[in-house]
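Novice: For reference, the structure I am asking about is given below.
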Amino acid sequence: MNTITTSPKSSAVSGGNSKSRGAGGPAPREAHQKAAGVRSEKPAGYETGGAEHDTQTREQENIVIEHALAILDQRMFRHGEALISPRDSAAFQKLKLGGYQWEVFGVLFLDNRHRVLAFEEMFRGTLDGASVHPREVVRAALNHNAAAVILSHNHPSGVAEPSAADRNITRQLRDALQLIGVRVLDHLVIGAGEPTSMAARGLI
């Protein structure tokens with residue numbers, strides 16, 4: 001873009017004299033710029049870039065998520081409180097796993113009154129899958145002295161529909177944990193929107 005500059009001596013327009021502005025008339029320099037098609041340029045740094053705005057938004061969202069997790073931690077891990085809400089459990093695990101861009105498999109360990117003992121992110125995979133080892137889940141259940149578990153994993157695609165592999169590993173974990181007296185209460189598939197409960201689908 002070519003920039004046109006004007007000097008004080010050439011500020012008259014169409015042969016007019018360089019005079020001070022009369023009542024209601026435009027200033028000579030403004031009139032010359034208007035006639036010449038010159039736009040006023042904003043100084044550098046006048047506007048903030050989109051990337052900076054996105055970063056600030058992301059930081060604010062992270063703060064909100066941290067506060068939400070702290071509230072759910074207090075609600076779910078409160079000593080002596082039994083029978084956690086399925087809604088709280090789903091919200092907690094969605095906040096824990098929903099932001100990953102790769103699959104993560106988590107387990108919520110419960111005692112015999114369904115009080116929360118611990119939550120572990122046990123396996124990490126790739127964009128479209130994660131290797132889950134029933135033996136390690138059994139070991140962790142014994143370490144926590146758990147009586148029941150709620151399984152969960154995310155789908156980075158956002159589609160919270162259980163796959164054939166999801167159904168298969170759920171059956172394997174159910175059978176393996178049953179041998180040590182641990183019940184699988186649910187397996188949540190986390191994507192966009194509400195998590196999908198495999199127990200509600202009759203898949204446990």
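Novice: Can you tell which of Arg171, Arg135 is exposed (fewer than 12 other Cβ atoms within 10 Å of the Cβ), of a type in the set (D, E, K, R) and more than 20 Å from Pro86 (Cα to Cα)?
Specialist: Testing whether each residue is exposed (fewer than 12 other Cβ atoms within 10 Å of the Cβ), of a type in the set (D, E, K, R) and more than 20 Å from Pro86 (Cα to Cα) leaves just Arg135.
Novice: If Val138 passes every condition in (1) out of contact with any strand residue (DSSP E or B) (no Cβ under 7 Å at 6 or more places or on another chain); (2) assigned to a loop (DSSP other than H, G, I, E, B); (3) not acidic (Asp, Glu) but one, which one does it miss?
Specialist: Tallying (1) out of contact with any strand residue (DSSP E or B) (no Cβ under 7 Å at 6 or more places or on another chain); (2) assigned to a loop (DSSP other than H, G, I, E, B); (3) not acidic (Asp, Glu), Val138 fails exactly one: (2).
Novice: Further question: Only one of (1) more than 19 Å from the chain's Cα centre (by Cα); (2) within 22 Å of Lys94 (Cβ to Cβ); (3) modelled with pLDDT of 95 or more fails for Arg135. Which number is that?
Specialist: Tallying (1) more than 19 Å from the chain's Cα centre (by Cα); (2) within 22 Å of Lys94 (Cβ to Cβ); (3) modelled with pLDDT of 95 or more, Arg135 fails exactly one: (2).
Novice: Would you confirm whether any residue within the stretch 112-127 is acidic (Asp, Glu), surrounded by fewer than 21 Cβ atoms within 10 Å (Cβ to Cβ), out of contact with any Asp or Glu (no Cβ under 9 Å at 6 or more places or on another chain) and at pLDDT 95 or above?
Specialist: yes
Novice: Do you know which residues across the stretch 72-102 are modelled with pLDDT under 80, exposed (fewer than 14 other Cβ atoms within 10 Å of the Cβ) and in a helix (DSSP H, G or I)?
Specialist: Answer for the stretch 72-102, where residues must be modelled with pLDDT under 80, exposed (fewer than 14 other Cβ atoms within 10 Å of the Cβ) and in a helix (DSSP H, G or I): Asp73, Gln74.
Novice: May I pose another question? Among the residues of the stretch 181-204, write down those that are touching a residue at least 60 places away in the same chain (Cβ under 8 Å) and part of a strand (DSSP E or B).
Specialist: Leu185, Asp186, Leu188, Ile190, Ser197
Novice: Go through the stretch 153-204 residue by residue and tally those that are under 21 Å from Asn143 (Cα atoms) and polar (S, T, N, Q).
Specialist: Within the stretch 153-204, residues that are under 21 Å from Asn143 (Cα atoms) and polar (S, T, N, Q) number 3.
Novice: List the residue pairs whose Cβ atoms are under 7 Å apart, where the first residue sits in the stretch 41-69 and is within 28 Å of Lys94 (Cβ to Cβ), the second is modelled with pLDDT of 65 or more, and the two are 6 or more positions apart or on different chains.
Specialist: What qualifies is Ile65/Leu95; Ala68/Leu95; Leu69/Leu95.
The values are calculated or read from the model by the stated rules, or taken from the named source; none is laboratory data. This one's a predicted model, so the numbers in the text were calculated from it and none came from an experiment. Counting neighbours? That spans all protein chains shown, and the Cβs are built from the backbone with ideal geometry, glycine included.
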